Amino acid sequence: MEDIKANQHSFFITNLKVHGEIIAAAISGILILTAWILSGHIENTLWISLLVASFLIGGFAKAKEGITETYKTGQLNVELLMIIAAVGAASIGYWAEGAILIFIFSLSGALESYTENKNKNELQNLMKLQPETATLLNGEVTAIDQLKPGDQIMVKTGERIPADGVIIKGDTTVDESALSGESIPIIKAIGDEVFAGTVNLSGGLHIEINTLPTETMFQKIIELVQNAHEERSPSQQFIERFEGLYVKIVLLTVAVMMVLPHYLFGWTWTDTIYRAMILLVVASPCALVASIMPATLSAISNGARQGILFKGGVYVESLAKLDAVALDKTGTLTKGEPAVVDFFIDPRQDTKYLASIIYTMESESIHPLANAMKEWAGTYQKEQAELSVSVQHHNGKGLSAEIDDVSWLIGNAELVGTQDAEQFLKAFNIQEQATTNIFVRKAAKIIAVFMLKDTLRQDAIAAIQELHHLGLRAIMLTGDNQATAKSIAQEAGITEFHANCLPEDKVNYLKQLRKQNQVTAMVGDGINDAPALATANIGVAMGAGSDIALETANVVLMKNNLGKMVNAIRISKKMNTIVKQNIVFSLAVITILIASNFLQVINMPLGVIGHEGSTILVILNGLRMLKGN
C-alpha cells in the first residue's frame with residue numbers, strides 16, 4: 001500500500017509538472033502574439049518587456065532543468081544550448097527571434113513530458129485496478145496490505161478481486177484482461193486460482209488468500225512495468241553518452257563561427273553573431289535525443305496492454321535481432337497436462353459401466369494420468385452413480401480394486417501383464433504410437449487401452465508458422481524421449497528438435513548457438529528452464545510458470561499463449577523501424593539546416609521552426625507505438 005501511495009504521489013507531481021510546462025508555453029506564445037500585434041502601437045520598451053516576460057515564463061523550466069542537470073552530471077546538454085542561443089539572439093537585438101525560440105522549445109519540451117506522462121498514465125491506470133480493501137467472511141472490511149496467506153475473503157459479483165487466492169466456494173466467470181490482455185472471460189470453479197485486479201463477473205465467491213499482497217501477480221506486473229520504464233535501451237544509452245560530446249563540439253564550432261566569418265567572408269559582426277546563434281539552434285541534437293525514448297516507452301506500454309511484459313528497453317530493442325527461438329515443450333508448446341487422445345474398448349464391454357469403474361478408481365489418485373483418465377470417464381459418469389470401493393495404489397504402475405467380486409486393474413503394461421498387453425494390441429490391430437498407454441484389466445482379461453499424451457496448445461502451431469514466416473529458426477528442447485519429442489515436433493511444425501535434454505544440456509546447446517553468432521530467445525516456464533532462460537540472449541517466461549522462471553526471464557508472456565511471443569517480436573521490429581526513421585530524419589534535418597545557415601538562406605524563426613518542428617515530429621512518430629503491433 002505504501003508503494004502504491006508513493007507512486008500515486010509521484011504521478012500527481014508529474015502531472016502538475018506537465019500541465020505547468022504546457023501552461024507556461026501557452027502564456028509565452030500569447031505574450032509573443034500580443035507583442036507582434038501591438039508592435040506598431042506601443043513603445044519599444046514595452047514591446048521588449050513583453051518579449052522578456054515571454055523569455056522568463058517560457059524558458060524558466062528548461063533553463064532550470066539544463067542548469068540542474070549540468071551541475072549534477074558535469075555534462076553540457078541541449079537545454080543549455082537553447083538558452084544560450086536565445087540570450088545570444090536577444091543580445092544583438094533579435095528579441096522576437098529569441099522569444100520564438102524559447103516558445104517553440106518550451107512547447108516541444110512540454111510535448112515530450114506529455115509523452116512520458118502518457119506512458120506513466122498507463123501504469124497509473126493499471127494501479128487503479130487493484131482494490132484498496134477486502135471483505136473477510138465475517139463481514140469485516142480490511143486494507144489489502146493487512147491480508148496474509150490463509151485469510152478467507154468474499155467477493156461479490158461485479159467486484160474486483162483484491163488478492164491472489166484459491167476459490168473455496170462458488171463458481172463464476174472472471175475477466176482477466178488486465179493481466180493477460182485476453183478479452184474472453186475465464187470460467188472459474190472451486191479449486192481454481194484467481195488473481196488480484198481481475199473482475200468477478202457472475203457469482204459470489206469465497207476465496208482463500210495464498211500470496212502476500214506485495215507478491216501478487218498484479219503487483220509483479222506493476223513492478224516490471226516500472227522497472228522497464230526506467231531502463232534505457234543500448235541505442236538510448238549511446239545517444240545520451242553522445243549528447244554531452246556533441247554539445248561540446250557545437251559550442252566550440254559556434255565560438256569559431258562568432259569570429260571566423262567576419263574575417264573570412266567579410267560579414268558584419270551582427271551577422272556573424274546572428275548566424276552563430278542560428279547555428280547553435282539548428283545544430284542542437286534535440287530531435288536526435290528524442291528519437292528513441294518516446295518510442296521505447298510507448299512500445300513497453302503497448303506490450304503491457306497485450307499481456308507482454310518487457311523488463312527493460314534493451315529487450316524491446318533486442319527481440320527484433322533474433323535469429324532463433326528455442327522452446328521448451330511441456331507447458332510452453334503443450335498444455336503440460338496429459339489427456340486421452342485415443343482409446344479402444346473391447347466391443348463386448350459396456351462403455352458406460354467401464355467409465356464408472358474408471359471414474360471411481362481414478363478419483364482416489366491425484367496423479368496427472370489419473371486426472372486425465374477421470375476427465376475422460378467424466379463424460380459418461382454424469383449418468384452413473386459413483387461406486388464405493390477401496391482402491392490400492394501401486395507406485396509407478398497404477399491402481400487395483402475389488403468391485404462386485406470382480407478384480408480390476410488400471411495401469412501400465414507391467415501392472416496388467418506385459419505379454420497380455422502386447423497380445424491385446426496385436427489382437428485388435430492397435431498401432432504403437434508416441435503415447436503413454438494405460439490398460440484396463442477385468443478379472444483375467446484386458447478389455448481396454450487408453451492412449452494419453454501431453455497435447456499441443458491451440459495457439460502453438462500458428463505461432464510456429466508465424467516464427468518461420470518472420471525468418472526465425474524454431475527449435476524445441478525437451479527432456480522427453482525421442483519418439484514423444486518427434487511426435488510433438490511434427491504436430492507443431494518444428495523440424496529442429498533435441499530430446500532427452502537435462503537442464504545443463506539446454507544450456508550447452510544455447511551456448512553453441514551463441515558461438516555460431518545466433519541471437520537466440522529461450523521460451524520456458526519451469527524451474528528446470530531457469531538456467532536456459534539465463535543463458536539465452538533473451539529469456540522469455542510463460543506467465544503461469546514457476547517463480548524462478550519469471551524472475552530469470554527478460555520478457556514475460558502473462559497469458560500462456562505462444563502467439564504473444566510473435567506479437568512481442570512484431571512490437572520490437574516496429575519500434576526499431578520507427579527509431580531508425582527518427583534518427584535518419586533528425587540527422588537529415590540538422591544537416592540541411594546547418595548548410596542553409598552557412599548559405600544565409602534561413603533566419604532565426606525558420607531555423608527554430610525547422611529544428612523544433614523536427615523534434616515534435618519524431619516524438620509524434622514515436623507515439624505511434626502506442627497503437628497496434
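The values are calculated or read from the model by the stated rules, or taken from the named source; none is laboratory data. Only a predicted model underlies this, so the values are computations on that prediction, with no experimental measurement involved. We place every Cβ from the backbone using ideal geometry, glycine too, and count neighbours over all the protein chains shown. SASA here: full protein model, heavy atoms, side chains in, ligands and nucleic acids out. Shrake-Rupley method; radii C 1.70, N 1.55, O 1.52, S 1.80 Å.
See the values below:
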{"item": "Selection status of residue 579, of a type outside the set (Lys, Arg), in contact with a helix residue (DSSP H, G or I) (Cβ under 6 Å, 6 or more places away or on another chain), in a helix (DSSP H, G or I) and at pLDDT 90 or above", "result": "yes"}
{"item": "Matching residues, the stretch 394-406, being open to solvent by less than 50 Å² (accessible area, probe 1.4 Å) and either in contact with a Ser or Thr (Cβ under 8 Å, 6 or more places away or on another chain) or closer than 17 Å to residue 483 by Cβ (or both)", "result": "399, 400, 401, 403"}
{"item": "Qualifying positions in the stretch 425-443 - among the polar types (S, T, N, Q) and either without any contact (Cβ under 8 Å) to a residue 12 or more places away in the chain or open to solvent by 60 Å² or more (accessible area, probe 1.4 Å) (or both)", "result": "429, 431, 433, 436"}
{"item": "Residue under evaluation residue 51, criteria (1) closer than 20 Å to residue 278 by Cβ; (2) modelled with pLDDT under 75, criterion not met", "result": "(2)"}
{"item": "Test: residue in the stretch 330-345 that is touching a strand residue (DSSP E or B) at 6+ places or on another chain (Cβ under 6 Å), open to solvent by less than 40 Å² (accessible area, probe 1.4 Å) and assigned to a helix (DSSP H, G or I)", "result": "yes"}
{"item": "Candidate set: the stretch 252-279, residues that are part of a helix (DSSP H, G or I) and touching a Lys or Arg at 6+ places or on another chain (Cβ under 9 Å); chosen: the one surrounded by the most Cβ atoms within 10 Å (Cβ to Cβ)", "result": "257"}
{"item": "Top-ranked residue of the stretch 287-316 - restricted to ones that are open to solvent by 10 Å² or more (accessible area, probe 1.4 Å) and not aliphatic (A, V, I, L, M), ranked as nearest to residue 247 (Cα to Cα)", "result": "315"}
{"item": "Residue 41 surrounded by fewer than 17 Cβ atoms within 10 Å (Cβ to Cβ), more than 21 Å from residue 249 (Cα to Cα) and within 42 Å of the chain's Cα centre (by Cα)", "result": "no"}
{"item": "Odd one out for residue 317, checked against (1) within 30 Å of residue 569 (Cβ to Cβ); (2) in contact with a helix residue (DSSP H, G or I) (Cβ under 9 Å, 6 or more places away or on another chain); (3) modelled with pLDDT under 85", "result": "(3)"}
{"item": "Of residues in the stretch 559-602 being charged (D, E, K, R) and open to solvent by 40 Å² or more (accessible area, probe 1.4 Å), the one farthest from residue 456 (Cα to Cα)", "result": "580"}
{"item": "Members of the stretch 603-622 that are in contact (Cβ under 8 Å) with a residue 40 or more places away in the chain, under 17 Å from residue 275 (Cα atoms) and open to solvent by 10 Å² or more (accessible area, probe 1.4 Å)", "result": "603, 605, 609, 610"}
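Residue-by-condition table, conditions (1) open to solvent by 60 Å² or more (accessible area, probe 1.4 Å); (2) more than 16 Å from residue 345 (Cα to Cα); (3) part of a helix (DSSP H, G or I); (4) of a type outside the set (D, E, K, R):
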site	(1), (2), (3), (4)
423	yes, no, yes, yes
447	no, no, no, yes
466	yes, yes, yes, no
475	no, yes, no, yes
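Residue-by-condition table, conditions (1) open to solvent by 20 Å² or more (accessible area, probe 1.4 Å); (2) assigned to a helix (DSSP H, G or I):
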position: 500; (1), (2): yes, no
position: 509; (1), (2): yes, yes
position: 521; (1), (2): no, no
position: 531; (1), (2): yes, yes
